[in-house]
Amino acid sequence: MRSTRLRRFLWWSFVVIAAAVLVGAGAVYAISESMLRRTYPVPASLALSTTATDVSTERGSHLVHAVATCTLCHADDLGGAVYADMGPVGRIAGPNLTRGRGGLPADFSTDDWTRAIRFGVRHNGTSLIVMPSEVFSHFSDRDLASMIAYLQSVPPVDREVPATRFGWLGRALLATGRLNILVAPKTRRGVAAAALTESANADYGRYLADVSGCHGCHGYGLSGGRVAGPPNLPIAANLTPAGLSAWSEPDFVRAMREGVRPDGRRLDSFMPFSTYSRMKDDELHALWMYLRSVPARPTGNK
């Protein structure tokens, strides 16, 4: 008799637990799917001229390959690549940006490029994933148009890249606000930055810091500290004069070109020095001048 009651109790306990799991899973899926399907407005006028006299595909190529870190996710040939496969969290992939097989459709327009790069929004209004539009929104119209003109000109690459997807754990983290990788809701809708003349000074260095993502990891005060994202990310360095007091400009240039600190230790590979190593000497000097001009702050005091 007791064994029968125990079996019934265990059976009903299992049923209740299973039902709760199913209800919870359904709720997580519904919330995450709602977030993925939400649409975001963009300004009515997106018109950028990629044929204006101040637009340069050479400039665009330099920005794409040396400043904007596009190749980290989309590969050097821009034919796309899987950036991270995280099992139950999901897979992050940079799509093929060329006109080759598996790439962009023939009718992908300048407006579509602008919508994606500056606002993190697809043609259908939904948010892109991981795309750093909160950084790229700082590009001037001239520089963005130059980038788009270059991207429209790259040779086609035939490559089918698996789509970005969320696993069960990724959807749970997304639904509970623990995975902040939807781009559109955190991208500003302000006026584009004014076009600056390329100069080896602190003002141009600040512009480069804005569009290359320095402020994204090191904070707008550049004091470093914990980076938002997975817990295994390295602590961002303090780039203010307080953190770089023992560094010289040649030390900074070596770190950016070779990924090596003054004491010989290598920078964490999360720091995309392989991209920044392609910056021009004047650009690195401008960045250094900007870093020397910001107020000194304790590490993590953003």
> Which of the residues belonging to region 30-48 are loosely packed, with under 14 Cβ neighbours inside 10 Å and assigned to a loop (DSSP other than H, G, I, E, B)?
Replying inline: Arg38, Pro41, Pro43, Ala44, Ser45, Ala47
>> Please determine whether any residue of region 88-111 is touching a residue at least 24 places away in the same chain (Cβ under 8 Å) and among the acidic types (Asp, Glu).
In response: yes
>> Exactly one condition in (1) under 22 Å from Thr164 (Cβ atoms); (2) surrounded by fewer than 18 Cβ atoms within 10 Å (Cβ to Cβ); (3) of a type in the set (Asp, Glu) is false for Glu134; which is it?
In response: (2)
> Counting just the residues of region 108-123 that are of a type outside the set (Phe, Trp, Tyr) and assigned to a loop (DSSP other than H, G, I, E, B), which one comes out surrounded by the most Cβ atoms within 10 Å (Cβ to Cβ)?
Replying inline: Gly120
> Among helices (runs of 4 or more DSSP H) lying entirely in region 177-272, which contain 1 or more residues that are over 25 Å from Glu134 (Cα atoms) and free of Cβ contacts under 8 Å to residues at least 60 places away in the same chain?
Replying inline: 249-258
>> Condition (residue is under 21 Å from the mean Cα position of the chain (by Cα), of a type in the set (Lys, Arg) and over 20 Å from Glu33 (Cα atoms)) applied to region 176-194: is it met by at least one residue?
In response: yes
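Considering only region 260-269, state which residues are surrounded by 13 or more Cβ atoms within 10 Å (Cβ to Cβ) and under 19 Å from Gly216 (Cα atoms). First the steps, then the outcome.
Kept after step one, since they are surrounded by 13 or more Cβ atoms within 10 Å (Cβ to Cβ), are these residues of region 260-269: 260-262, 267-268.
Leu267, Asp268 - these are the residues of region 260-269 that are surrounded by 13 or more Cβ atoms within 10 Å (Cβ to Cβ) and under 19 Å from Gly216 (Cα atoms).
Could you tell me how many of the residues in region 124-139 are assigned to a loop (DSSP other than H, G, I, E, B) and under 19 Å from Gly80 (Cα atoms)?
First, pick out the residues of region 124-139 that are assigned to a loop (DSSP other than H, G, I, E, B): 124-125, 128, 130-132, 137-139.
Of the ones still in play, those that are also under 19 Å from Gly80 (Cα atoms) are 128, 130-132.
Residues meeting the conditions: 4.
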> Any idea which residue in region 60-107 is surrounded by the fewest Cβ atoms within 10 Å (Cβ to Cβ), counting only those that are assigned to a loop (DSSP other than H, G, I, E, B) and on the phi > 0 side of the Ramachandran plot?
Replying inline: Gly87
> Could you list, in sequence order, the residues of region 152-171 that are closer than 16 Å to Ile92 by Cα, small (Gly, Ala, Ser) and either touching a helix residue (DSSP H, G or I) at 6+ places or on another chain (Cβ under 7 Å) or part of a loop (DSSP other than H, G, I, E, B) (or both)?
Replying inline: Ala163, Gly167
> Which condition breaks for Met289 when tested against (1) under 18 Å from Tyr220 (Cα atoms); (2) in contact with a Cys (Cβ under 9 Å, 6 or more places away or on another chain); (3) part of a helix (DSSP H, G or I)?
Replying inline: (2)
> Can you tell which of Ser133, Ser212, Ser137 is closer than 27 Å to Lys280 by Cβ and outside the structural domain of Arg91 (by TED's automatic domain parsing)?
Replying inline: Ser212
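The values are calculated or read from the model by the stated rules, or taken from the named source; none is laboratory data. This structure is a prediction, so every number in the text was calculated from the model and none was measured. Don't worry about glycine lacking a Cβ; one is built from the backbone with ideal geometry, like all the others, and counts go over all protein chains shown.
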